[in-house]
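Reviewing the structure listed below.
Values quoted throughout were computed directly from the atomic coordinates according to the rules given, and no laboratory measurement underlies them. Not measured: the values here are computed from a predicted model. Cβ sites come from the backbone with ideal geometry, for glycine too, and all protein chains shown count toward neighbours.
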């Protein structure tokens, strides 16, 4: 559960089995905490926004990502775009992202020229039009 995410709305985020398996040893280790936060500091308290930002910046540097503009927010947007391009339902993406309305989620609907060309080339009506190529 994300309890204090975007807009303060609580939402459930499914975790795939491989990630769950990676998290289980950590959850056993931090089981002495009196809360259910996944990410904690050295004292076992939930991480705040600043600590998450510091960790993100450190990981970005270790990954060799030097380009300006790579932020937690752009990572979030990339996740949403990858879901959409992978065929995820827009309403499911809305719920995962914690958006109050589909209007907010629709920003991920921007398409590339290649995607537009592919949509026309693979449309089922194309076969009936007598057009080729």
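Explain nothing, just the number: relative contact order of the chain, from Cα pairs under 8 Å at least 6 residues apart, as a whole percent. Could the numbers behind the result be given before it?
Values: 63 pairs, mean separation 27.7, N = 133.
Averaging sequence separation for qualifying contacts and normalising by length gives 21 percent for the chain.
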So what is the calculated 222 nm ellipticity per residue for the chain, using -39500 (n - 2.57) for each DSSP H run with n of 4 or more, over all residues, to the nearest 500 deg cm²/dmol? -14000 deg cm²/dmol
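Using 0.36 nm per residue of separation minus the Cα-Cα distance, give me the extension gain between residue 106 and residue 26 in nm, one decimal. Numbers along the way, then the final one.
Numbers: separation 80, 0.36 × 80 = 28.80 nm, distance 3.59 nm.
So the chain would gain 25.2 nm between residue 106 and residue 26.
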Would you calculate the volume per residue, in Å³, of the smallest convex hull containing every Cα atom of the chain? 174
Please check which bits of segment 46-70 a label hung off residue 33 would reach, taking the label as a point 7 Å along Cα-to-C-beta and the cut-off as backbone N under 11 Å. 46-48
Pick from 118, 34, 89: which residue has the top mean-square fluctuation in a GNM of the chain where Cα pairs under 10 Å get a spring? 118
Tell me the angle of helix 72-85 to the major Cα principal axis of the chain, expressed in degrees between 0 and 90 and rounded to the nearest ten. 40
Note the angle between two axes, namely the Cα long axis of helix 17-29 and the longest principal axis of the Cα atoms of the chain, as a number of degrees from 0 to 90, rounded to the nearest 10. 10
